[in-house]
Amino acid sequence: MSRVAYVNGRYVPHNKAQVSIDDRGHVFADGVYEVTLVVGGRMIDLEGHVARLERSLRELDMPQPMSSRALIHIMNQTIKRNRVKDGMVYLQVNRGTAPRNHVYDNDDLQPSVVCTAKSVPLPSDADAVDGVKVISQPDIRWGRVDIKTVSLLPNALAKTAAAKEGAYEAFLVDDDGYVTECSASNAWIVDKDGRVVTRPLSNEILPGITRDRVIKLAEENGIEVVERPFTLAEAKSAREAFLTSTTSFVKPVTQIDDVTIGNGHPGTVTRTLLGAYLNFIREIRQPAT
Ligand code: PDD
């Protein structure tokens, strides 16, 4: 079956989907996006994604292209038309199309809305997930990475550097040696007392929807969460490390640069949280009858 994309009011074959070369998303990365997990055809933590999109638009002085209800309808339609059961749906809103000029006038612009969806297999269970290697990279991004913009060049460079070293992700490190987050996920460690540690929300990290969910699941499972910055050195000597995102779920990190974390296998706290997360999304997939 060929893929279908939504572009500005029409569902078109994915390979025919186009926006203008004058679209400000193309010229200035003047756009925002959301990636939402789909399980059993239903979107997971949709409220959080919609709230974050609304906030991203507000923070960048972009008008809502249409009501959030209408955007959700487009996302659901795109999921259905692509017959996605388990996978992800991608929604992007750009400020609009105009001859190249740094200065924008929202009154003269019609936002572009693009939506795609694709299938991605879910892990069968927490024990089936292997640990991954990450490398450290300097965090060279701008000062408002709490906004989910499509301006992702530093992220793409960091993740490509990781891939070239056979690593899954990059831990981004600020000028003071503290880990901010990863190129496309949030970073976590487990301290010697079994507490999970992750950087507090600020303009220096994306407020991950999975991060938020994992904090709730940790508390439900009696695991203490501490929101504080941690250094790269602390991460390297941590008992466990992991990362979270919509598409990575809870991913055990078993190597940072050349250092093995713990015994080199996913740790118990990480596996507990991954198991809880997989249960959470499976319950949504099979609602109680
Ligand atoms: N990335 N930090 C960054 C920089 C991210 O790009 C992402 C998500 C996250 C995790 O957020 P969430 O849990 O809401 O997915 C943290 C998405 C998946 C992407 O760009 O593909």
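Ranking ARG141, ARG10 by Cβ neighbours within 10 Å, fewest first, what do you get?
On the way: ARG141 19, ARG10 9.
Result, fewest neighbours first: ARG10, ARG141.
Using the Kirkwood radius over C-alpha pairs as Rh, can you work out the diffusion coefficient of region 126-284 via Stokes-Einstein at 4 °C, viscosity 1.567 mPa s, in µm² per second?
84
So if I take the alpha carbon set of region 180-265, get Rg, then get Rh from the Kirkwood formula, what is the Rg over Rh ratio?
Value, to two decimals: 0.93.
Please report, to two decimal places, log10 I(q)/I(0) for region 1-146 at q = 0.16, 0.21 Å⁻¹ as given by the Debye formula with identical point scatterers on the Cα atoms and no solvent.
With one equal scatterer per Cα and no solvent, log10 I(q)/I(0) is -0.97, -1.30.
Can you work out D for the chain in µm² s⁻¹ from Stokes-Einstein, where Rh is the Kirkwood radius over C-alpha pairs, the temperature is 25 °C and the viscosity is 0.890 mPa s?
Taking Rh from Cα pairs, D becomes 123 µm²/s.
Under 12 Å from the Cα of LYS133, which aspartates and glutamates turn up, not counting those fewer than eight places away in the same chain?
GLU165, GLU169, ASP257, ASP258
So which residue, out of LEU91, LEU206, LEU60, gets the largest mean-square fluctuation from a GNM of the chain using Cα contacts under 10 Å as springs?
LEU60
Beyond 32 Å between alpha-carbons counts as too far, so tell me which of LYS85/LYS251; LYS85/LYS159; LYS118/LYS236; LYS16/LYS251; LYS16/LYS85; LYS80/LYS236 fall in that bin.
Among LYS85/LYS251; LYS85/LYS159; LYS118/LYS236; LYS16/LYS251; LYS16/LYS85; LYS80/LYS236, the Cα-Cα distance tops 32 Å for LYS118/LYS236; LYS16/LYS251; LYS80/LYS236.
Mind listing the long-range amide H neighbours of VAL173? Cut-off is under 5 Å, sequence gap 5 or more, other chains count too, H placed in the peptide plane at 1.01 Å from N.
GLN137, ASP139, THR180
For region 56-129, what is the Kirkwood estimate of the hydrodynamic radius, computed as the reciprocal of the mean inverse distance between distinct Cα atoms, to one decimal in Å?
Working: mean 1/r = 0.0681 Å⁻¹.
For region 56-129, the Kirkwood estimate is 14.7 Å.
Cα centroids of region 23-59 and region 95-110: how far apart, whole angstrom?
20
Given the convex hull over the Cα atoms of region 1-74, what projected area results after averaging over all orientations, in nm²?
Computed as one quarter of the Cα hull surface, the answer is 6.0 nm².
Laboratory data are not the source of any read-out in this text; all were calculated from the coordinates shown. Note that this is a predicted model, so its numbers are computed, not measured. Cβ: placed from backbone, ideal geometry, glycine included. Neighbour counts: every protein chain shown.
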